[in-house]
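The values are calculated or read from the model by the stated rules, or taken from the named source; none is laboratory data. If you're wondering where the values come from, they're calculated on a predicted model, not measured in any experiment. Backbone-built Cβ (ideal geometry, glycine too); neighbour counts: all protein chains shown. Note: accessible area is taken over every heavy atom of the protein model, side chains too, but ligands, DNA and RNA are not part of it. Shrake-Rupley method; radii C 1.70, N 1.55, O 1.52, S 1.80 Å.
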Amino acid sequence: MPAGAGAGAGAGVRSVARIVARADGRGGTSLPVLESDGPLALRRTRSAGTGARVMLVGAMSGPLGGDHFTVEGRVEEEARLSVGSAAATIALPGQAKGEARYDVRLDVADGGELHWLPEQLISAQGSDLRVSTRVELATTARLVLREEQVLGRVGEEPGRLTSRLTVRVAGQAVLDQELACGPGAPGGWDGPAVLAGHRAVGQLLVVRPEFAATPVAAGLLGEGASVVPLAGPAALVTAVAPDALRLRRLLDEALASLPRT
């Protein structure tokens with residue numbers, strides 16, 4: 001029985017999506033595992049390069065209150081995978097009590113490369129969502145991960161949104177941070193030291209083995225964005241903006257400015 005189908009009335013929907021990318025031995029990447037159910041649907045799309053490309057399609061509204069969505073992705077040695085989403089994810093209030101959860105678990109082996117580039121997450125008024133992203137990378141793995149969060153739709157107050165991102169390289173933590181916004185979040189989340197009144201916030205995490213020997217220089221990247229080197233082969237870009245369009249532009253410009261091999 002699909003995970004979502006087994007949830008009782010008022011208990012919220014359970015949905016799991018799984019991706020495994022594997023080098024096919026001919027210079028390309030195969031997808032031996034591409035499984036999804038309920039509100040989460042995975043679709044392989046055409047890729048311009050040797051890697052595989054997958055789109056995450058929302059088959060239903062959500063996540064709603066009480067829902068629990070999980071996405072698991074693994075990139076094996078020398079495989080390349082890019083994952084995006086067909087549209088923004090909108091966290092909405094639901095009939096079930098309690099917060100909704102959206103868990104992302106990613107694992108990249110040596111020589112593997114993952115680009116995790118979903119569309120924005122929108123926290124609608126009255127919603128309560130906890131997002132948790134955990135990434136495990138081998139020593140020579142590569143990663144580009146983008147998170148974008150928009151607090152409220154046009155003309156409305158945001159819901160409550162808690163987001164935690166944890167990244168480890170070769171078993172060592174390089175990033176573990178949490179941001180809470182909206183009603184009930186710790187005081188100061190909208191103050192000058194955090195969002196400063198902005199309603200779009202995002203981050204871009206780039207992990208490349210060469211950053212260990214030549215760290216990215218810390219600095220400002222235009223108005224509302226900055227980059228800092230992390231312990232190990234990683235750099236983190238953080239940005240705030242008045243809207244989603246400006247936020248995406250800041251993060252795209254930041255990625256283009258980082259050194260490449």
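Of note:
- Pair residue 190, residue 245: separation of 7 Å Cα→Cβ label points (nm): 2.4 nm
- Along the chain, longest interval not containing exposed trypsin sites (Lys or Arg not before Pro), exposed being DSSP loop plus at most 12 other Cβ atoms within 10 Å: 98-259
- Packing-based ranking of 87-95, 228-236 yields 228-236, 87-95, ordered from highest to lowest mean Cβ neighbour count within 10 Å.
- Base-10 log of normalised Debye intensity for the range 138-261 (one unit scatterer per alpha-carbon) at q = 0.21 Å⁻¹: -1.21
- Accessible surface of residue 45, taken over heavy atoms with a 1.4 Å probe and every protein chain present, rounds to 40 Å².
- The range 65-203 - share of DSSP beta bridges that are antiparallel (%, nearest 5): 25 percent
- Alpha-carbon centroid distance for the pair the range 123-161 / the range 181-232, whole angstrom: 13 Å
- Rg [Å, one decimal], Dmax [Å, integer] - the range 20-105, C-alpha atoms: 15.1, 50
- Percent of alpha-carbon pairs separated by more than 15 Å within the range 119-201: 61 percent
- Among the protein heavy atoms of the chain, carbon and sulfur supply 52% of the accessible surface, probe 1.4 Å, non-protein parts ignored.
- Using a Gaussian network model of the chain in which every pair of alpha carbons under 10 angstrom is joined by a spring, one finds that among 114, 34, 143 the greatest mean-square fluctuation is at 34.
- GNM result for the chain, Cα springs below 10 Å: residue of 167, 104, 33 fluctuating most strongly: 33
- Net lengthening on full extension, residue 72/residue 258 (0.36 nm per residue, minus Cα-Cα): 64.2 nm
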